[in-house]
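A short write-up of the structure that comes next.
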Amino acid sequence: MINLFFKKLFLGIILTSSLCVYANDVKHIAITAIVEHPSLDQIRDGVKDELSAQGYHLGKDLIVQYQSAQGSSANAAQIAKQFVASKPDVIVAIATPSAQAVAASTKTIPLVFAGITDPIAAKLIKNWQPTGSNITGVSDYQAVEPQIAFMKKIVPNLKSVGYVYSPGEINSTIILKQLKELLPAQGIKFIAVPAQRTADIPTAAKSLAGKVDLIYTTTDNNVVSAYESLVKVANEAKIPLLASFPDAIERGATAAFGMSYYDVGRQSGKLVARILQGEKVGNITPEIGKELRLIVNLVAAKRLGIKIAPEVIQSAYKVVVEN
């Protein structure tokens, strides 16, 4: 399985390199993600669509190479090295482990990170100013206070919140720390359960049954990859499942408040286009995703036997009323 993975990777790199040799005006973009799931896939698609909107034609003057690390940091490191060897014009790294792997592999090829909650904690950038290095990108950071307000809107008189997280994911542990400080300060009990592997997520979620008023989920790649198993447990325990990313609605969450990852991809694609057009990556200020959306799943709410206030429904960007 591993050998087949790297064989495909190698062939993809050889193909892309050959195309670049015979067409010097062709731009070469290499995109890597730590794992494949709907949110990260939407970032990738958003990047490609934005480049098309900017006038680049896939297969003509634009070659896009893509590889997923399938959840493995070792694979991410190997992909980074192979991408650097193929000398693309820009590397787009989706999620923290992939961006860190690319950053460790090159100090010259432009790196645009995407979908990273805290690029400063990940040591990709020092602050939110132009880096002067080969790195810029778009963060999916969201302040926790509005997320807590969102939880209270969906579950009035909120007393307890559950959180399943991956100890090895910076995206998740940063939010963990903030929730641990802010929720108790508002008189809300907080129970966090670690899930080291995807297979551990159902067990972690089951441990919250009968103990919390809702389970809150962020863009923890391990958790998102197994989201359906989390939804199943939440449904069985009659616990609302709330998320910080809208894509969770399609997978069974009760409500979501956050930014569209497709929009994050389009925003990242704009930075890539600026680099392709000659702007120095070190002069481009790192950005944060701009638009937050509230989506309510009344089908899921009915299944759980909970009612969402009419004013919350009226304020939603989108309301799901049937499957």
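The values are calculated or read from the model by the stated rules, or taken from the named source; none is laboratory data. Just so it is clear, the structure is predicted and the values come from calculations on it, not from any experiment. When we count neighbours, we look across all protein chains shown, and the Cβ atoms used for this are built from the backbone with ideal geometry, even at glycine.
Miscellaneous remarks
- Qualifying residues in segment 26-41 (those that are at pLDDT 90 or above and surrounded by fewer than 23 Cβ atoms within 10 Å (Cβ to Cβ)) - the one farthest from V223 (Cα to Cα): V26
- Test: L242 is crowded, with 23+ Cβ neighbours inside 10 Å and within 20 Å of A33 (Cα to Cα): no
- Output for segment 154-203, where each listed residue is charged (D, E, K, R) and over 26 Å from K123 (Cβ atoms): K159, K189, D200
- For L51: the one exception among (1) closer than 27 Å to D220 by Cβ; (2) in contact with a Leu (Cβ under 9 Å, 6 or more places away or on another chain): (1)
- K302 being outside any helix (DSSP H, G or I) and either out of contact with any Phe, Trp or Tyr (no Cβ under 8 Å at 6 or more places or on another chain) or among the basic types (K, R) (or both): no
- So Y56, is it in a strand (DSSP E or B) and more than 18 Å from S139 (Cβ to Cβ): no
- Within segment 212-231, residues that are more than 22 Å from Y141 (Cα to Cα) sit with their Cβ atoms under 6 Å from residues that are small (G, A, S), at 6+ positions apart or across chains, in these pairs: V212/S160; V212/G162; D213/S160; L230/A205; V231/G252.
Every residue, every condition in (1) buried (at least 23 other Cβ atoms within 10 Å of the Cβ); (2) within 25 Å of V164 (Cα to Cα); (3) of a type in the set (V, I, T); (4) in contact (Cβ under 8 Å) with a residue 24 or more places away in the chain, yes or no:
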site	(1), (2), (3), (4)
A248	yes, yes, no, yes
L292	no, yes, no, yes
V299	no, yes, yes, yes
K302	no, yes, no, no
I306	no, yes, yes, yes
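- Filtering A226, A234, A199, A209 for residues that are crowded, with 23+ Cβ neighbours inside 10 Å and aliphatic (A, V, I, L, M) leaves a single hit, A234.
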